[in-house]
1. Any residue at all in region 130-148 that's crowded, with 18+ Cβ neighbours inside 10 Å, farther than 24 Å from residue 67 by Cβ, out of contact with any helix residue (DSSP H, G or I) (no Cβ under 6 Å at 6 or more places or on another chain) and at pLDDT below 95?
2. Within region 36-51, restricting attention to residues that are touching a residue at least 60 places away in the same chain (Cβ under 8 Å) and within 11 Å of the chain's Cα centre (by Cα), which residue is surrounded by the fewest Cβ atoms within 10 Å (Cβ to Cβ)?
3. Give the number of residues within region 123-135 that are in a loop (DSSP other than H, G, I, E, B) and within 26 Å of residue 167 (Cβ to Cβ).
4. Consider residue 102 carefully, then state whether it is over 20 Å from residue 62 (Cα atoms) and loosely packed, with under 15 Cβ neighbours inside 10 Å.
5. Being more than 12 Å from residue 16 (Cβ to Cβ) and in contact with a strand residue (DSSP E or B) (Cβ under 9 Å, 6 or more places away or on another chain) is the filter here; which residues of region 78-91 pass it?
6. Could you tell me which numbered condition residue 30 fails, if it satisfies all but one of (1) under 19 Å from residue 143 (Cα atoms); (2) surrounded by fewer than 18 Cβ atoms within 10 Å (Cβ to Cβ); (3) over 12 Å from the mean Cα position of the chain (by Cα)?
7. Enumerate the strands (runs of 3 or more DSSP E) found wholly within region 52-109, keeping only those where 3 or more residues are touching a residue at least 40 places away in the same chain (Cβ under 8 Å) and closer than 22 Å to residue 9 by Cα.
């Protein structure tokens, strides 16, 4: 078990990291696609190359001598969980995944690990939970919440306005959290 800001995070055998996002250039660099951005950065850092498979794009890398499958679902966010049956066929269970997603409840760039829990309105998480339950590790990347609740749908689909160097630094911090977890 690991302590994470007073939360206990179980030690799990992570075999796959799923970055959440929406496919296509229209959604590139949007807040909702930060999961894609982070797994892309991980693939670049570990010299991985992507290949298309049914319903997903995957990349295998080694972190601390552990083979990790990086995944970007090719369905829209609301159907992200459709990758779970294919992972199950490879022996990857719900508690073997780390899902990276945007988080309205955290300030921009703050990343935190969380195990289990509800989707709290995040449609990508709802889909993954619907395909196997909530017992999986999450890396929540803070995007902050707009003042008005009604703005959330447009807000998450808007591009980041933060400077690129701050984006890069925040993504690097998220990657460090994931790598540190995998080192245990």
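1. The answer is no; no qualifying residue exists.
2. Of all residues in region 36-51, those touching a residue at least 60 places away in the same chain (Cβ under 8 Å) come to 37-39, 41-42, 45.
Then drop every residue that is not within 11 Å of the chain's Cα centre (by Cα), which leaves 37-39.
Values: 37: 24, 38: 26, 39: 29.
Here the residue is 37.
3. Restricting attention to region 123-135, the residues satisfying the condition of being in a loop (DSSP other than H, G, I, E, B) are 131-135.
Okay, now just the ones that are also within 26 Å of residue 167 (Cβ to Cβ), so none.
Adding up the residues that qualify gives 0.
4. Values: over 20 Å from residue 62 (Cα atoms): yes; loosely packed, with under 15 Cβ neighbours inside 10 Å: no.
No: the conditions fail for residue 102.
5. Looking only at region 78-91, we keep the residues that are more than 12 Å from residue 16 (Cβ to Cβ), and these are 78-82, 85, 89.
Selection gives 79, 80, 81, 82.
6. The number of the failed condition is (2).
7. Values: elements: 56-63, 66-73, 97-103.
Ranges flagged: 66-73, 97-103.
The values are calculated or read from the model by the stated rules, or taken from the named source; none is laboratory data. The model shown is predicted, which means the values in this text are computed figures rather than measured ones. Reconstructed Cβ throughout: ideal geometry from the backbone, glycine too, with neighbour counts over all protein chains shown.
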